[in-house]
Each structure stands twice: as C-alpha cells, then as structure tokens.
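A short write-up of the structure that comes next.
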Amino acid sequence: MPLGRGARMGLGFVGVAGLLAAAGLALTMAPSEDPAADPGRSAAAEAAPAAESRPAGGLSGRAGQLAQGDAEALIQVHDALKAAPGPVQDASPAAEPLTEDQLNAWLDDLAGLASGFRRFGPVDRSRVMELVGLGLGRMTVNPVPDRWIEALTPSAELLTVGLADASPAVRAEAAEVLGQVWSWQPGAPIWPDAERTVATWKNRLHTPLLSLLDDPEPGVRLAAVITLGKLPIDAMAEPAVARLADDVPAVRMQVLTSFAHRRDILTDDEVLPLLFDPESPVALAAQFVLKARGLDDDLIGLAKLLHHPRADLRVSAIAQIERREDIDPIVWLDRLSRDEDERVRTQAMEALSRLSSPDARRRLAEMAASDPSQTIRDAARRVLDDLTADLPPLPGSPDLYPRAN
C-alpha cells in the first residue's frame, strides 16, 4: 500500500549499502561440495532435456574431445572465446565481434559440450555454464555472423540441464548466466521472425529457473532471486518476492536489494514487516528501502507501530494517524482494520466512522459483511445506519419538500 504522499526517491544508498550487506551475508551462503566428487544425476536432471544423450558421432577435433569430457578442451574453448582476433590481442573481448570461423567453431563446441556434459565433473560443468554465457556475450557484438541463431537452442538446452544439475554450484552458475539472457540481443538488426525466436528462447528458460526458488541450497535460491531481479517483465519477476519469507537472512536481504526500486512488485506493505526482522542487517535494509521510497523517520516509526508484535502498540498508532495531515488515513486504517487482534480492528473501525469518505464507508461495509467478529460486524452495521441517517436527502426526495400542516 502507498504509505505517504512523499515523492519516490533514488536508490543511491540502498544500491550501495544494501548490496554490500547482501554480499557480506552471501559470502557465507556458497554451496559446499567436494570438487572432485560428482554426486550423480538428480531426478530433475533426468527430466530436463537430455543434452548428454546426443551421440558423439560426427564430432571431430576439439568438439570430439568435449564430447568425451576432456577438461583440457574446455580451456581451449575458453581461450578461443576470450581471444580477440588479429593484432589487437589485448582488446576487450566484449568489444570484439565473432568472426564467421569463430562462430562455426563455437557451434561445433556447443554440440560437443551437449554430448559430453555428464562426463565432466561438477567443477567443469560449472565452467561449461560459464562458457555458454561467454559465447552469448560475444554474439551481442556487432557484426555477428548470420548463423548466430543456431546457437540459441543448444545454449538453452545446456542452461536447462545446468539449472537441474545435481551439483548446487552448477545450478547457481547456470542461474547467474541466465541473468544476462533477459536483455540479450544479437549484434545485428533482426527481422520480426527472429525476434519471436529470441523471445521464445528466453521464455523457455523461465520455468526451470522458477524451480530454483525452492531449492534446498540457500546459495542457489539467492542466485535465482538475483536473476529474476534482472528480468524486466514484472509478472515474470514477481515470484522471487515470495523469498521474503526465506529462513536464511541473505536470501531475504537479496529480495530487498533486487526489488528495492520496483514498488509494483515489492510493495511497501511487504517491506514493512521486515522492519522487525530478527536479523538487524535485514531490518536496516528494509528501513533503507522505505526511506528511498519517500518515507521519513516519523513515517517509518509510525509504520513500525502498524506491524509491532504488541497489539496495544498497534492500537496506539490510530491516534497518531488521525492527527497527521501528510498521509492518507484511509490507507493506514484499512491496514489496521484487517489486524488479527479484535481490539485493533474495533478501534480502526471507530476511527473509520469519523471520516466522511466514500472509501471509509466502503471499508466499513466490508467489515459489516465479513469481519470474523460478530461484535464488530454488528457495530459496523450500526455505524453505517447512523452515517446513512445523517446524509442529506437525495434530489427529488419528499424530505426536500415538507408539507405544511
């Protein structure tokens, strides 16, 4: 709910303090596993597109080595994607377009990686995810050869398998790479048919990513929140907000950090309870977010009362709400009128009855019809009857033209 009339503000200190706090907590969240041990294939991985089932037949050279799980070939692919062509070897790879030969080699490498993915250990499977991201990044530089579109399907298949991998490190790396996919565009003008292909390619990766929000590994859940936070479509990013209830502080912190500037997704009403988070860094981050959205210290203090664990302190907020002129009292009283404590709802109902507002009457009518307490329902009906009796007669009513005796 909008809590005040203050203008929305920039997120300068939230972007710094929030991210730093989240990063500090996240350092403790890295999934632990033995790099030399492969925990085996998970049930989710079995259900994912079986990229590793592709036969190695027809693959030769480096692609054939990749199909056999050769870790040295991974290094060669990495060097090939990072290297700048020609005499400008020291140039930034992001500024160097792929040549046609390089793209053809990358397409062959993708086939080899798909065929041999399960032959790599978990550390090297994470490197495969990194290579997919590196290849996608190189294809954003203009000009890109015409065959760029052929890299989309194998890239998506590898990412999908990575998102369902038995290793949490691989799942987290796949999610991180996916963060660059939402804004990805090829380094060339494209026709509408190709635009639809790109959009479909992006959409197919959304569903497997959502499953990571319930991942047993906190670091993977955190990576999924970060990736969804980069998704520009609100309806597709919104599921990440459910992790505000995560039992790990770093994940809750990341939701605040990723969606601090997206008020339509992360509402003030969802941020307010975190002012009482048991972890002080999370509570402080919630306060930073609300300040950046235009709430001053007084309003934040009042907001804290609305969500205070003690019912008597929540009741005390009502008098303050009625005295203030810089907020919309209906919004605040509406929240208190839905409180779990009957005493709070009763006081909120009485405050609403003192407001001559259609919104106040509408909420009173709702309370009269559906409040859990029979006492409050009856009281709300009496208030509505009294308010109706005090209204002036409607135009055309006989009461406007009293008859003489």
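Values as computed for the structure displayed
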item: Matching residues, the range 262-297, being assigned to a loop (DSSP other than H, G, I, E, B) and surrounded by fewer than 18 Cβ atoms within 10 Å (Cβ to Cβ); result: Arg262, Arg263, Asp264, Thr267, Pro278, Glu279, Gly294, Asp296
item: Hits in the range 217-239 (condition: open to solvent by less than 10 Å² (accessible area, probe 1.4 Å), among the hydrophobic types (A, V, I, L, M, F, W, C) and closer than 23 Å to Ala166 by Cβ); result: Val220, Ala224, Val225, Leu228
item: Qualifying helices (runs of 4 or more DSSP H) (wholly inside the range 93-179; at least 2 residues being free of Cβ contacts under 8 Å to residues at least 12 places away in the same chain, more than 20 Å from Leu231 (Cα to Cα) and among the aliphatic types (A, V, I, L, M)); result: none
item: Subset tally (residues that are at pLDDT 90 or above and assigned to a loop (DSSP other than H, G, I, E, B)) for the range 305-331; result: 1
item: Search result, residues across the range 298-324 that are under 19 Å from Ser337 (Cβ atoms), open to solvent by 20 Å² or more (accessible area, probe 1.4 Å) and among the small types (Gly, Ala, Ser); result: Ser316, Ala319
item: Single condition Val220 does not satisfy, out of (1) under 20 Å from Gly137 (Cα atoms); (2) touching a residue at least 12 places away in the same chain (Cβ under 8 Å); (3) part of a helix (DSSP H, G or I); result: (1)
item: Per-region count, the range 138-166, residues under 15 Å from Val128 (Cα atoms) and β-branched (Val, Ile, Thr); result: 2
item: Filter result for Glu176 (touching a helix residue (DSSP H, G or I) at 6+ places or on another chain (Cβ under 9 Å), among the acidic types (Asp, Glu) and modelled with pLDDT of 95 or more); result: yes
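The values are calculated or read from the model by the stated rules, or taken from the named source; none is laboratory data. Everything numeric in this text was worked out from a predicted model, so none of it was measured. Cβ sites come from the backbone with ideal geometry, for glycine too, and all protein chains shown count toward neighbours. Ligands, DNA and RNA are excluded from the accessible area calculation, which covers all protein heavy atoms including side chains. Shrake-Rupley method; radii C 1.70, N 1.55, O 1.52, S 1.80 Å.
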